[in-house]
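Heads up: the structure comes next, in structure tokens.
What follows is calculated from the coordinates using simple rules that are stated; it is not laboratory data. Everything quoted here is computed from the prediction, not taken from an experiment. Backbone-built Cβ (ideal geometry, glycine too); neighbour counts: all protein chains shown.
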Amino acid sequence: MRKNKLHLQLIRSLKLLFVVAMFLFMVPVSSEANNLIIGSPVVTQNATTGGTVKFTISWNNAWNVSSVSAPFNWDAVWITVWFKPCSATAATAYTHGTLTGTLASHTIPASLQAMASVNANGTANSYAGFISESVPMSTLGANLDFTDGIMLSPTASGVANLASCTVTLSIANLPANTIPITTEVFGLEMVYVPQGATTTLMVGDGTGAGAAASNSFVSSNVFSATPTALQLGTANETGTSTFYITNEPAAGNVQTINNVPAAFPKGIYGFYTMKHEITEGNYATFLNMLGTAQQTTRLFGALGNRNQLTQAAAPFSTTRPWRAQNWLNWGDISAFLAWDCLRPITELEYEKACRGPGTTTVLLGYPWGSTTITQATTFAAPAVENGSEVVLVGAPSGDCVYGNTAWTNGDAGLGPARAGMFAQASTSQTDAGASYFGVLDLAGNVQEWVVAVSSTNVNPGSGANNIFTRQWGNGTLNASGDQSNASFTSGASTWPAPNLTMTATSVTNLVGCRGGSWLSPVGPPCVQCEVSDRSQVYTFGAVANEDVAGARANINGGRGGR
């Protein structure tokens, strides 16, 4: 796909941007990372209920090219607020802060703007409406669309460091000022994947010139050894759709999935996705805000493969907060996302985040838009993994963590590395391993949980006849630490249930993984890292017990969206 000068400037400017939140009882502390910095919150509680939470925020290489040039998008930070009475025991989880509903109740500096969430076919916003493209909140009216958090993006066009500025949020449910509290502000870097003017999307990578990616989407129910990709458009978001998958349920066959509902996110409408995979620092913060019984469910023990998250006793911490978190099963991922008022993305949205819009595909291509891939194996001097480590690679690039090779230098060992580490100031899109929209590590490192198109074949979640929609969590988990009906404002989940058993070689798996991992075979090429490869949705279970309910695998991680 052709990239203009500004698009390349955007990709070259992408560096590691994530938050490592810290946990201390009764004392608000700053959340700081390599580039995104959220300062210590200053809390003012009212005499009865409610109050304000004030904090500073800054990040480098922020961008907004929505009205300038391709990819016509922006980055953002998703902010949620959490509090807990200082007198509460460890069994008590933090409470999710509810924002006051009027936009004027919050102080947002001129360099930032609050952005609305795409909720088409999901939960109605405060205007009893539904939108298919994110817009500045102020264009909708005087109110926030939702009060569970706030999406802040740069106001100015272009690419630049966002200087430290102060945000003050009005929180409606803070307890009275007679009750001392601990308060945390949690932030995640996001990238907006727009609907845009080109409302077409190709899923599957077939071009008619050769075999497509494993178990990929194709355009016909008649098997072909040289298939073409399936084209989607706005009609697929407004009506039922039919999908075709090659080499299922057996080689030389095409599986047809009929009547996929309009509400199932197809990737045509806009959505936000996390810029990076969930890191060890992200997951430690999540654990530390849960109650003890919830933590027990979400802890995975002293597992290896470069995992540094200590889990002997709270507060939990890690010496490598920027490293992608592995060992996460579907229950872990769905709990994290429901807790932070996000949602999983579908496998169709995954392909959109990788490939971008339009009617062109790269046969057997990777998320950076080419068939070139280079295995990362060696950390460059000084070869210490301190959050700024980079990797030595040669030409051609297409840098990716895959191939089941022990790292040279650094902490050594087999496993994932720092999230987003290939994106440096001078790197191209291919060198950075970045997608068309600037999303990082969509291939390799850890494979990522997605909701499968086949989830429409059976009844997911807890409610009869429910299917997955643009429904995000409300900041609560059940007593066991799982997402459940209570995790959603509507009181009924459309998400696949947390403790699923996947079946190898099955077209009815509700969820699966995309993008490959550090363990994916070298090949050539790295098949599992290809954009349209569905082998870990269909033939799930490449790692022992990966497909058993509650089990965890050393290659699994993920990200979410909204």
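Once the convex hull of all Cα atoms in the stretch 158-224 is built, its volume per residue stands at 290 Å³. Lacking any other cysteine beta-carbon closer than 4.7 Å, the following Cys residues of the chain have no compatible partner: Cys86, Cys165, Cys341, Cys354, Cys400, Cys513.
Highest average first, the peptides 67-79, 481-493, 375-387, 525-537 ordered by how many other beta carbon atoms sit within 10 Å of their residues are 525-537, 67-79, 481-493, 375-387.
Report the calculated FRET efficiency for Thr360 and Thr310 (r = Cβ-Cβ distance, R0 = 60 Å), to the nearest 0.05. E between Thr360 and Thr310, to the nearest 0.05, is 0.80. Per-residue Cβ neighbour counts within 10 Å put Leu201, Leu500, Leu392 in the sequence Leu392, Leu500, Leu201, beginning with the fewest. Note on Ala551 and Ala302: their simple-model spin labels are 2.4 nm apart, each label 7 Å out from Cα toward Cβ. The label point for Ala128 and the one for Thr44, both projected 7 Å from the Cα toward the Cβ, are 3.5 nm apart. Helical runs (DSSP H, four residues minimum) scored at -39500 (n - 2.57) apiece and divided by the length of the chain put the mean residue ellipticity at 222 nm at -2500 deg cm²/dmol.
This model, with +1 at the C-beta of Lys and Arg and -1 at the C-beta of Asp and Glu, gives the chain a dipole about its Cα centre of some 480 debye. Hey, could you grab the Kirkwood Rh for the chain? Inverse mean 1/r over distinct alpha carbon pairs, Å, one decimal. For the chain, inverting the mean 1/r across all distinct Cα pairs yields 23.3 Å. Take the alpha carbon atoms of the stretch 108-129, find their center, do the same for the stretch 304-337, and report the distance between the two centers in whole angstrom. Rounded to whole Å, the Cα centres lie 31 Å apart. Taken along the Cα-to-beta-carbon direction at a fixed 7 Å, the label points for Thr256 and Leu392 span 5.6 nm.
Within the straight-line cut-off of under 18 Å between alpha carbons, the aspartates and glutamates reachable from Lys275 are Glu32, Asp75, Glu189, Asp340, Glu347, Glu349, Glu351, Asp399, Asp431, Asp441, Glu448, sequence neighbours fewer than 8 places apart in one chain being disregarded. The residues Tyr538, Tyr272, when put in order of fewest to most other Cβ atoms within 10 Å, stand as Tyr538, Tyr272. Expressed to the nearest 5 percent, the antiparallel share of DSSP beta bridges inside the chain is 90 percent. Between Ser111, Phe286, Cys341, the Cα set farthest toward the positive side of the dipole of the chain (charges on each charged residue's Cβ, about the Cα centre) is that of Ser111.
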